[in-house]
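First the structure, in the form of structure tokens, and then the observations on it.
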Amino acid sequence: MSAEYATFGLAPAMRAGGVLANGDYQVHRDFVDFIVDGRPLLFRLSDLDAVSPLAADIPPAIFTAHVRRLLLEAEAPLRDNRYVIYGCPECEGLECGAVTAVIEKAGDGADDFVWRDFAWQTGEPVDLQLNGYHGIGPFRFSGPEYREALRQLLAADEPQARRRVLLIGARVALLAKLAAALRTIGIGAEIAADAADVPPDELRTYGAVAFGRTVSDETRRSVRAAFEGAGVRVAYVDGLAPIVPLLVAQIEYALDRSPTEQRRLTRLAAGRDAARLSVTSTCRVRLIAYRMDRLSRTHVHEVFDDVLEPGEHRVPLAARSTKGNSYVVARTSTSVLVTSTSSSGGL
């Protein structure tokens with residue numbers, strides 16, 4: 001099978017972390033995804049929970065080594081000239097499974113790169129007949145386009161993502177729990193009353209600011225002014241409720257740097273009886289409803305967990321999960337959306 005020309009690009013992406021309904025934690029990972037013919041290559045692999053080797057939290061020397069390999073300026077890490085395209089988000093072990101492919105120069109004398117023989121690999125050698133992705137590739141990328149995209153990563157002054165959050169609020173105990181949860185999934189978090197005395201260099205390390213519900217307008221303006229004075233653009237999060245998993249989901253969404261058109265989840269709205277969401281590629285979607293009762297007790301309901309096809313979907317919600325002040329979190333392996341429920345009728 002001959003390789004057909006395809007466009008090649010790169011874009012920010014994330015593996016969504018979070019506090020799950022059963023109390024488990026899922027690690028947050030920022031990485032650079034491969035965009036083939038305008039679409040994330042990861043989305044062609046069904047619902048694979050994986051990240052590329054170009055992750056933001058690895059040491060710069062290792063990051064550079066991965067880029068050099070993709071440019072064929074370093075030896076392939078696996079037998080038969082195979083390279084890791086996506087691997088386990090929790091570790092780098094091949095035994096967990098990885099998507100690999102042969103990367104080579106075109107054999108017809110053209111200045112092109114070819115990715116072929118994609119496979120799911122857990123050891124060596126790979127069995128293409130049994131574990132090959134027969135419907136993916138081969139892809140042929142223009143040499144100049146391919147090299148320019150990857151070398152821009154090497155030229156970047158700060159390849160690392162800003163994965164720190166400044167927490168502003170009066171409920172210190174809640175903020176401490178939130179900070180601990182964020183740090184557990186790999187997101188740095190600090191607590192402060194305001195940002196007036198924070199040095200500009202430190203402000204530039206934050207990617208988001210989360211405000212508690214009782215923070216005054218004056219403090220909010222002061223914090224925004226401090227970041228603007230430091231020349232830093234950050235995402236601002238207004239906490240919906242004092243529920244740690246919900247706040248973590250809000251912050252995860254705020255830190256998502258991937259282009260909106262290249263996300264798996266693009267819309268979420270919820271009423272008392274149903275939620276409606278938009279999915280761009282086949283993937284597993286989980287919906288979790290949170291609510292607080294009159295005694296400020298938190299109730300968690302797993303309302304949906306299944307694989308959805310691309311398109312618009314309506315998911316019924318049980319009345320017990322949307323009483324009073326309630327909220328819905330939608331998750332895929334790469335996206336998180338959060339919304340409050342509305343009593344203004346069904347969806």
message: Being open to solvent by 60 Å² or more (accessible area, probe 1.4 Å), of a type in the set (Gly, Ala, Ser) and under 30 Å from residue 290 (Cβ atoms) narrows it down to one residue among 196, 181, 173, 192; which is it?
response: 173
- request: Search the range 81-113 for residues being farther than 14 Å from residue 53 by Cβ and aliphatic (A, V, I, L, M), and hand back the single one that is surrounded by the fewest Cβ atoms within 10 Å (Cβ to Cβ).
  value: 110
- line: Note: among 143, 186, just one is among the small types (Gly, Ala, Ser) and closer than 27 Å to residue 16 by Cα, namely 186
- prompt: Just checking, which of 119, 74 is assigned to a loop (DSSP other than H, G, I, E, B), modelled with pLDDT of 90 or more and of a type in the set (A, V, I, L, M)?
  reply: 74
- request: Would you be able to tell me the number of residues in the range 294-347 that are part of a loop (DSSP other than H, G, I, E, B), open to solvent by less than 60 Å² (accessible area, probe 1.4 Å) and at pLDDT 85 or above?
  value: 7
- prompt: If residue 199 passes every condition in (1) within 20 Å of residue 246 (Cα to Cα); (2) out of contact with any helix residue (DSSP H, G or I) (no Cβ under 9 Å at 6 or more places or on another chain); (3) not hydrophobic (A, V, I, L, M, F, W, C) but one, which one does it miss?
  reply: (1)
field: Flag if residue 57 is touching a residue at least 12 places away in the same chain (Cβ under 8 Å), crowded, with 16+ Cβ neighbours inside 10 Å and outside any helix (DSSP H, G or I)
entry: no
query: Can you name every residue in the range 119-131 that is open to solvent by less than 20 Å² (accessible area, probe 1.4 Å) and over 15 Å from residue 42 (Cα atoms)?
result: 121
- prompt: So which strands (runs of 3 or more DSSP E) are wholly in the range 150-252 and hold at least 1 residues that are free of Cβ contacts under 8 Å to residues at least 40 places away in the same chain?
  reply: 188-192, 235-238
message: Restricting to the range 1-25, and then to whatever is modelled with pLDDT under 90 and of a type in the set (D, E, K, R), can you tell me which residue is least open to solvent (accessible area, probe 1.4 Å)?
response: 24
- prompt: Of 126, 99, 67, which residue is assigned to a helix (DSSP H, G or I) and in contact (Cβ under 8 Å) with a residue 12 or more places away in the chain?
  reply: 67
Filter pass, residue 148 being charged (D, E, K, R), more than 21 Å from the chain's Cα centre (by Cα), closer than 15 Å to residue 34 by Cβ and open to solvent by 70 Å² or more (accessible area, probe 1.4 Å): yes
task: Hey, could you check the range 249-293 for residues that are more than 22 Å from the chain's Cα centre (by Cα) and open to solvent by 10 Å² or more (accessible area, probe 1.4 Å) and say which is farthest from residue 333 (Cα to Cα)?
output: 293
task: Filter the range 199-216 down to residues that are closer than 28 Å to residue 328 by Cβ and not aromatic (Phe, Trp, Tyr) and give me whichever is most open to solvent (accessible area, probe 1.4 Å).
output: 213
query: If we scan the range 26-39, do we find a residue that is touching a Leu at 6+ places or on another chain (Cβ under 6 Å), outside any strand (DSSP E or B) and either open to solvent by 10 Å² or more (accessible area, probe 1.4 Å) or at negative phi (or both)?
result: no
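The values are calculated or read from the model by the stated rules, or taken from the named source; none is laboratory data. The shown structure was predicted, so the numbers you read here are calculated from the model rather than taken from an experiment. Heads up, the Cβs are rebuilt from the backbone with ideal geometry, glycines too, and the neighbour counts pull from every protein chain shown. Heads up: the accessible areas ignore ligands, DNA and RNA and are worked out on the full protein's heavy atoms, side chains in. Shrake-Rupley method; radii C 1.70, N 1.55, O 1.52, S 1.80 Å.
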